[in-house]
Every structure is written in C-alpha cells, then in structure tokens.
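The next block holds one structure in the form of structure tokens; read it before the comments.
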Amino acid sequence: MRCLLCFKSIEQAVSWHTLFQPVTAQYCAACRPHLTKITGAYCKRCHRPQAKTKTCSDCAKRNQPALLYNRSVYCYDAAMKDMLIICKYRHHYHALSSLTKPVRQAFFNQFKTVKHLTLIPIPVSDERMEERLFNQATIISAMIPRPVFFGLKRHHQEKQAKKNRKQRLQTPNPFYLDPHLPLPTGPVVLIDDVYTTGTTLHHAANVLAEAGIEAIYSFTLAR
Amino acid sequence: MSPVHRSINTESKDKKQKHPFAQPLRYVDGLLLDHNQLTKRLKQLDMTDEHVSVTTMTAITGRWGFYTCQRCLNQDPTLFSSFPCGKCQKTCIYCLACLKYGRLASCQSLFHLRVTDRETKPVATGFTFTSTLTSHQLKASQAIIKAIDTTKSQLLVHAVCGAGKTEMLFHGIQHALETGKRVALTTPRQDVIKELLPRFKAVFTRVPLICQYGGSDDNRLTSILTLCTTHQLIRYKEAFDVLIIDEVDAFPYHNDPNLIKQSQRALKDTGTVIYLTATPRKSLLKQKLPTCFVPVRYHGQPLPVPQAQFTSFKRSPLPSNVYKAISEQRQSGRQLLLFVATIKQAEQLLPILREKFKSLNVEAVHATESDRSLRVKHFRHKAIDILVTTTILERGVTFPSVDVYVLKADHDVFDEAALVQIAGRAGRSKSDPAGTVYFFHEGYTKAIKSAIRSIKRMNQLGAK
Ligand SMILES: [Zn+2]
Ligand SMILES: [Zn+2]
Ligand SMILES: [Zn+2]
C-alpha cells in the first residue's frame, strides 16, 4: 500500500478485510491534503460559498440560463488547486482516487430529487487528450454509478488557466454534439473538476439546451 | 585558510555571464527525452545532419505485471499504475517512480538523441590549479588519471573526510577534458554541488561548465563538464566518458536502487567510473573494485577521535553534562556544531540553548528551513556561535574551526557512515587541525562503536 502522492509505503495492518477487499486509496500523513467541504450558506445557483443563501451577483447577471444550478463538493482553495495540478498537469490519473466516497455521497445528497438522470462529463479536445491521455471530468463521473453520455465533444482552444476572467467570458462556445449518438431523454448533470467563472459549464449547457434537453444541472469537485 | 574552504559568493555573479564559447551541438549526445522535450530540442537541431539521430524507444517495457520504466529503470510492480487511456481506448500503464519528471505511459515513447561525429580534438580548459598535492593526494590523483586512460575501468577512492578529495580530482578531470572526454561529477546533495561549482569554475576557467540540480537554470543545457545531483542523471543514456560519483555511500543510493542503475546507464560502455567515499558500505566493498586509499587529511594531522558519553535525554533536551560540555567548549574559541536526530529535537533544543547562553548567537538549520544556505553562510562568517543542525550538514560542507557534538547519537538516522561524516567536520583546517567530537547517547549502538573504530583504524593507517 503506497501513498497516492509520494508513493512511499504506508504501514497498514493486514487483516482478512484488507486481503480480500480492494483497499480504498490513501495518503500518508505528510501528503494528506486538507480539503475543505462546502458547508454553510451558498449561492443557490452556482453553489459559491457566501454569507447568505441567495443568488450571488454573478448569477443574477445571467438571464434565464440553460444551466439550472450547480452543486460542488469542495472549496477551490490552495489544497484543492494543488491536487488538481497533480492530476491535470502532472498527469497523475490516480491523484483523485481517494475522493470517490465523499464525491459519491455529496452527489446523491445534492441530486436525490432528480430522477433518471444521465451524467455528461465535460470533454477535453483531442489535442488535450493526446497529451493528457485521460479526461479528469470522466474520472469524476466514473465515481458516480449512473449512466454516462459521451456524445458531447469539444474543439481545441487555448488553456483556460492562461486566460483572464474577461477573456474567458468572451470565448466562443467550443462544444458540439456528436450527431451519431442518441441524446439522453431525462435530466442531465454536467460533470467537471471545477466551477470557476462557470463559462465552460454554461457553454456546454447551452449546446444541450439547443438540442432539446430540458433539465440541465452541473456537479463539480470544487467551487 | 583551508584549500577546501572557499566562499560561495561568486555564484550569482557568474550566472549572468555568457559561457566563454557557445554550446557545441555534440554534447546533446546521449540525452534521453520525452515527447515534449524532444519537440523543444528539435527546434535547435538540424535533423538533416547525418550525424544527428534520434532513437525511439517504448517508454515502459514488459507485460503481465512485470514492467520496466525505460526512463527511471524502475521495476517495482507496486510503482506502476494502470489507467483507462483515453487515446488508446484500452488500459495503459504509467510509472509512479519518475512521475515528478512528467508522466510517462506505456503508450508513449522515449527518445534517445545521438550525435555520432564526436571530434576528439584537445579542448582548451584554462586550467589554473597549481597547488601542490600531498604525497597521498598525488598518489590518488595519478590513480585517477590512469583509470581515465583505461576504457571500461572502475576505481574506488576511499579517502577520509578532509583528505582534499576535490583537489585530487582536478588533474584527472583536466586530463580527461584535454583528450576530448566528456565528464560528469555527481553528488547526492544540492548543497554540495552548489559549493563545488565556484571552485570548479575557478580551476577550469575556459570550460562551459554546467551545474544541474532540481530547479537549476542549467537543466536544459549540455556540456563537456557537468556537475549535477545524482537524480539529474536520469536524463542521460550513454553520454559520459568519465563519471565521478561522489559520496556513493550517502542516503539516496541505498534508498533507491534505480539511482545506481541510472548512473551506470549515463556512462558510455567504454567509460570510466570513479567512486569517491569516506565511508564505503559493505555492498560496495564486496564488489572488490580497484581501490585507492587516502588515510590522511591534507594537513597531515590525524582525525579527531569521537568520545562517546552516556547521557539520558528523558528529562531535558539539554541534559546537565551536555550543558557542562558546551560551557567548557566555549573556552576553546571554536564554533560549535550540534547535531540532532530530528527537526522536533532541534525545535525543542533551540529556545533552551538561547535561554542558557544569552550572550551567544544560537541558530538552527534543518531540511525544511528555507534560508538554510544563509544560516550556513552566517555560521561560516562566524556570525553564529552555535549551530543546531539535523543530518543535512553531515557531509560536503566545511567549516575551518569547529567542535562537533551529537545529541542522541544512538538514533537510527545516525548510522556508521553518518557518524564518521559528522566527526569528520572537526579539525578541517591547517591552522586548527584538532577538534573535540562528542557522541552523547542513550545506548552504545553498533553504529557508534563501528564509527569510532573505523576512525581509529584510519589514523593508524595514516601514521604508518
Ligand atoms: Zn505521501
Ligand atoms: Zn452564484
Ligand atoms: Zn519511471
């Protein structure tokens, strides 16, 4: 058993349980990230943590958005940023593996009222896939035992992280639907690693809404 | 002043200057690159040149759970992970052992750059080293030159701490460079490499020497003479004619079996490897390499023999006999290095020392300390009287006139090699070749016993 980040062995008592059951992924004491779950008041639409539970100023500016609301698990703080860097830029596929349980729990809590939903991970472009070999949103959607729709595609654009807020808000919609795949019939939940300005998720939601999907939500690891 | 001791101030000044002659293309020979690095390199290279070639290799070889990472040579099955690859639409493998250098997956490639036409015309090195060597140093220096002239040779230089290892190397390296051979000197610790750099620059004034370590500006460069930390050798395959491995007994080697394999890979199959150590481990001695022995320090005086003293640390981080020893030590006029086993111990000890010795400047350094090199510099300039340190100052760093006390010498971190190295910090200069070394312990361990015995043995050999 090794730490997911530094790969040093973690001492662990061997029992019948650990022998026959796949052990849930773990970190050593030095590497354990101190993630903060979102608790307390938040914006009802984008799940931004704030003093009062009401619609935040950014969401108030969006007129009748296709995306009904977003829900997230963790605050997008320094610890979460570090983790996502290891996953997305150091290309460590299993960096997020230990979060499966809390992510699944948070998802079922937030979306227990939504029946027959389909997950849609936010795709990466082919160019990015060539380099990264995986899509971090697919890692998160794979943590949740619900049907997944892979028909949403993405044109290649410059890295989001390199753009400032204004440039991000102005970028053209990079998403399109694969015409060969049948669209999901019920409500859909877009899955992504992080909701920052929300531009990416709203772009994706617009494409789905135009295609006729009525109930569109989103769920991200961090907000 | 000791020839071993020199100031490190020149480093920042030199950084801005351009190398005296441009980077010759031929030294990219032997670079091992991933796809991104290759793309960047290809912009500098003329691929129509028939002497330049790129060999493509599968990054991870093997199957059914028995894999080898061709970059870091890791073969530990628990240090590979599988993942559903989005490009291949199947399960691919990636290596965890070298993930920090960028993920390498089984569906990716590694590229080996070769430049075949290597001229071997003499290189003007601007060699300035004129100091006379002691008879022992001279013998070692000649053995090194001989090893360099012999293809496929190995040499173990077993020299006591303070023997003047670096001085023994200069003539050998000069000889190798002159004959067009490419040389790398590696040592496990960044601090040591940074200390060596100005000394090498002063001796090889016309060589475009580069210094590679995690975070160095030189990491993209290649040269005929490379100083680097051991971990940097991961980027080379069959690149060097002469590889000098300093402190081969030190921590990372016996901790990471891949490092030795990587070092061997960095050497050409005709090359020479020279191991330097003051405390060879059994595994190295077992190989029965041709050995050159330097039992005497450059100043000719014997090594200070440590005195072991039973001391209980249960009641206080600073027991009364340690306090007494420090008070007496203050009369000697030397500075004091206090080695402790853990960062926690250092943190407990520091305020007590400051309280008891109000008139003195007491500081601590340890691995997590960001301004550690600054503290070391202050200690060297005698602005600090007592320096509390963990084993990070165990080797490589030299202070002219210090006494050395080890608190909790029975702790696991103090193995035989570490204790010999620590004791070797004392009595380094010609003007003050003596020094007091105490091992305060809560149990007379095998390591303490063997360390004292091996120091005594060296002194006997040197007296002959
Ligand atoms: Zn760890
Ligand atoms: Zn909002
Ligand atoms: Zn590897």
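The values are calculated or read from the model by the stated rules, or taken from the named source; none is laboratory data. As the structure is a prediction and not an experimental result, all values here were calculated from the model. Don't worry about glycine lacking a Cβ; one is built from the backbone with ideal geometry, like all the others, and counts go over all protein chains shown. Heavy atoms of the whole protein, side chains included, go into the accessibility calculation; ligands, DNA and RNA do not. Shrake-Rupley method; radii C 1.70, N 1.55, O 1.52, S 1.80 Å.
So that you can scan it fast, the table gives a plain yes or no per residue for (1) at pLDDT below 90; (2) open to solvent by less than 20 Å² (accessible area, probe 1.4 Å); (3) touching a Pro at 6+ places or on another chain (Cβ under 8 Å); (4) not in a strand (DSSP E or B):
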{"residue": "A:44", "(1), (2), (3), (4)": "yes, no, no, yes"}
{"residue": "A:68", "(1), (2), (3), (4)": "yes, no, no, no"}
{"residue": "A:72", "(1), (2), (3), (4)": "no, yes, no, no"}
{"residue": "A:79", "(1), (2), (3), (4)": "yes, no, yes, yes"}
{"residue": "A:82", "(1), (2), (3), (4)": "yes, no, yes, yes"}
- Message: Anything in segment B:76-97 that is of a type in the set (Gly, Ala, Ser) and either more than 9 Å from chain A (Cβ to nearest Cβ) or without any contact (Cβ under 8 Å) to a residue 60 or more places away in the chain (or both)? List them, or say none.
- Response: B:81, B:82, B:86
- Message: Within segment B:245-287, take every residue that is touching an Asp or Glu at 6+ places or on another chain (Cβ under 9 Å) and assigned to a loop (DSSP other than H, G, I, E, B) and give me the one that is most open to solvent (accessible area, probe 1.4 Å).
- Response: B:281
- Can you work out which of the residues in segment A:107-124 that are open to solvent by 20 Å² or more (accessible area, probe 1.4 Å) and assigned to a helix (DSSP H, G or I) is nearest to the other protein chains (Cβ to nearest Cβ)? A:108
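Could you list all residues from segment A:30-42 that are within 16 Å of ligand 1 (Cβ to nearest atom) and open to solvent by less than 100 Å² (accessible area, probe 1.4 Å)?
Within segment A:30-42, A:30, A:31, A:33, A:35 qualify.
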- Message: For segment A:125-147, give me each residue that is more than 10 Å from every other protein chain (Cβ to nearest Cβ), surrounded by 15 or more Cβ atoms within 10 Å (Cβ to Cβ) and outside any loop (DSSP other than H, G, I, E, B).
- Response: A:136, A:137, A:140, A:141
- Considering segment B:147-164 alone, what residues qualify as being touching a helix residue (DSSP H, G or I) at 6+ places or on another chain (Cβ under 9 Å) and open to solvent by 50 Å² or more (accessible area, probe 1.4 Å)? B:149, B:154
- Query: Between a first residue in segment B:100-115 that is within 14 Å of another protein chain (Cβ to nearest Cβ) and a second residue that is buried (at least 21 other Cβ atoms within 10 Å of the Cβ) and of a type in the set (D, E, K, R), which pairs have beta carbons less than 6 Å apart while being 6 or more apart in sequence or on different chains?
  - Reply: B:104/B:71
- Task: Please determine, by comparing only the residues of segment A:51-64 that are surrounded by 13 or more Cβ atoms within 10 Å (Cβ to Cβ) and more than 8 Å from ligand 2 (Cβ to nearest atom), which one is farthest from the other protein chains (Cβ to nearest Cβ).
- Result: A:54
- Where in segment B:171-244 are there strands (runs of 3 or more DSSP E), lying fully within it, with 1 or more residues that are touching an Asp or Glu at 6+ places or on another chain (Cβ under 6 Å)? B:183-187, B:210-212
